[in-house]
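A short worksheet on the structure shown next.
The values are calculated or read from the model by the stated rules, or taken from the named source; none is laboratory data. Fair warning: this is a prediction, and the values are worked out from it, not measured in the lab. Using ideal geometry, Cβ is built from the backbone for each residue, glycine included, and neighbour counts are taken over all protein chains shown.
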Amino acid sequence: MKSTIKQLNTVIVDVPIKRPHQFSTEIVSTKSFLLIQLELKSGLIGIGEGTTPGIWWNGESVETMQLVIEHYLKPILIGQDPRNIEQILQTFDRHVRANPFAKATVEMALYDVVGKIYNAPVHQLLGGLFQDSIDVKWALATGGADGDIKEAKELVGNKQYKDFKIKAGQLKTTEDMKKAIKIANGINGISTTGIDPNGSWDRLTAARWMDRLDEAGIDFLEQPLAPIDIAGAAELASMKKVPIMADESVATVQDAQRLVQEKAANIFSLKIHKSGGMRNTLKIAAIAESAGISCFGGTSLESSIGTAACLHAYGAIRNLDYGSELFGPQWLADDLVKNPVEFKEGKINVPSGVGLGVELDEQKVEKYRRIQGGK
Ligand SMILES: [Mg+2]
């Protein structure tokens with residue numbers, strides 16, 4: 001039954017994390033989320049969550065998302081039929097350039113409410129389940145090699161995680177390489193790890209160290225070079241050593257097509273926010289499939305809300321050969337829903353409930369709501 005969009009509300013929340021997380025440029029101790037509630041005339045409500053690794057990642061933050069949604073996307077949405085998702089996304093793109101994280105946040109709420117209209121989980125709107133649970137890699141980011149090895153051994157020992165990713169980029173490139181090799185050797189035989197320097201390495205050093213990284217058994221090299229250095233990525237991929245994963249360099253369908261043409265990636269890291277939503281993520285996965293490229297389920301470190309959206313999309317993808325890094329809810333010290341997503345022995349289950357399959361906990365929203373004028 002047709003019911004149009006009546007209202008949209010936004011709120012920023014700051015949720016504590018269990019331990020400080022070392023990215024290439026900063027250490028964070030809370031994670032900020034933009035939560036939106038999209039209400040239909042029928043009374044049905046869809047929820048969406050926007051979050052970024054940080055404004056350094058692609059220029060968006062929870063504050064920019066709130067502004068873009070409130071001032072530019074909301075007026076487009078009011079009065080629309082939420083079921084026409086592709087059409088709404090095209091209208092967004094025509095009126096607002098870029099800002100994919102903001103658009104993905106709205107798309108998430110659209111899918112949640114459309115799932116509720118049809119009494120179906122979102123993955124059924126996206127082609128159905130290809131897998132009902134997905135492997136999760138944990139990002140080792142304690143700041144030191146010994147700390148990372150210790151953490152990895154503990155997590156494997158108590159069967160929480162099987163495989164890992166190392167955040168790099170805060171050291172000089174050769175120091176990063178040595179640290180990664182030390183960690184890979186430290187967990188050799190019990191686990192594997194990839195490396196993510198967030199584009200901070202240079203071509204020559206990466207090429208020179210490729211053999212040693214390969215010998216240490218590094219699982220993949222994620223966005224080693226700057227996102228615009230497609231030729232450099234192609235050079236590293238042509239060495240056929242450690243598989244090259246594209247992350248920052250693959251956000252749009254056009255990016256995906258270019259990386260295929262230039263043979264500049266072996267794996268695409270998917271992220272629903274960087275690509276402007278689940279629809280676009282599935283399109284990018286299809287381009288990867290057409291070229292024999294594997295996919296990895298990336299994260300912007302979401303709570304159970306955004307993680308559920310990722311799971312619905314990734315669960316419908318057949319070439320998700322490298323599993324995922326959807327550990328956000330376990331990295332946060334608290335969650336924003338009454339029924340958090342379920343982790344078990346290094347895997348996470350795709351929610352089976354209607355819509356996103358998670359229910360917002362209003363008390364948590366109140367608890368972590370940002371007070372205006374400060375954090
Ligand atoms: Mg990355």
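Quick notes on this structure:
- Some residue of segment 151-160 being under 25 Å from the mean Cα position of the chain (by Cα), within 14 Å of the ligand (Cβ to nearest atom) and on the phi < 0 side of the Ramachandran plot: no
- Subset of segment 267-287 (residues that are within 16 Å of the ligand (Cβ to nearest atom), assigned to a loop (DSSP other than H, G, I, E, B) and touching a residue at least 40 places away in the same chain (Cβ under 8 Å)): I272, H273, K274, S275
- In the condition set (1) within 15 Å of the ligand (Cβ to nearest atom); (2) more than 19 Å from the chain's Cα centre (by Cα); (3) among the charged types (D, E, K, R), R203 is compliant with all but (1).
Condition check ((1) of a type in the set (A, V, I, L, M, F, W, C); (2) surrounded by 24 or more Cβ atoms within 10 Å (Cβ to Cβ); (3) modelled with pLDDT of 95 or more) across all residues:
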site: K182; (1), (2), (3): no, no, yes
site: D219; (1), (2), (3): no, no, yes
site: M239; (1), (2), (3): yes, no, yes
site: I244; (1), (2), (3): yes, yes, yes
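- First in segment 96-110 and under 21 Å from R83 (Cβ atoms), second anywhere and basic (K, R), Cβ under 7 Å, 6 or more apart: E107/R279
- Selection status of T174, out of contact with any helix residue (DSSP H, G or I) (no Cβ under 6 Å at 6 or more places or on another chain), away from the ligand (no atom under 16 Å from the Cβ) and closer than 20 Å to S269 by Cβ: no
- Within segment 206-221, the set of residues being away from the ligand (no atom under 16 Å from the Cβ) and within 11 Å of V242 (Cα to Cα) comprises A207, W209, M210, D211, R212, L213, D214, E215, A216, G217.
- Pairs with Cβ under 8 Å, 6+ apart, first in segment 207-235 and within 20 Å of K172 (Cβ to Cβ), second within 16 Å of the ligand (Cβ to nearest atom) and of a type in the set (D, E): E222/D196; E222/D247; Q223/D196; Q223/D247; Q223/E248
Rundown of residues vs (1) buried (at least 16 other Cβ atoms within 10 Å of the Cβ); (2) at pLDDT 90 or above, yes/no style:
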{"site": "Q7", "(1), (2)": "no, yes"}
{"site": "V15", "(1), (2)": "yes, yes"}
{"site": "I27", "(1), (2)": "no, no"}
{"site": "S32", "(1), (2)": "yes, yes"}
{"site": "L44", "(1), (2)": "yes, yes"}
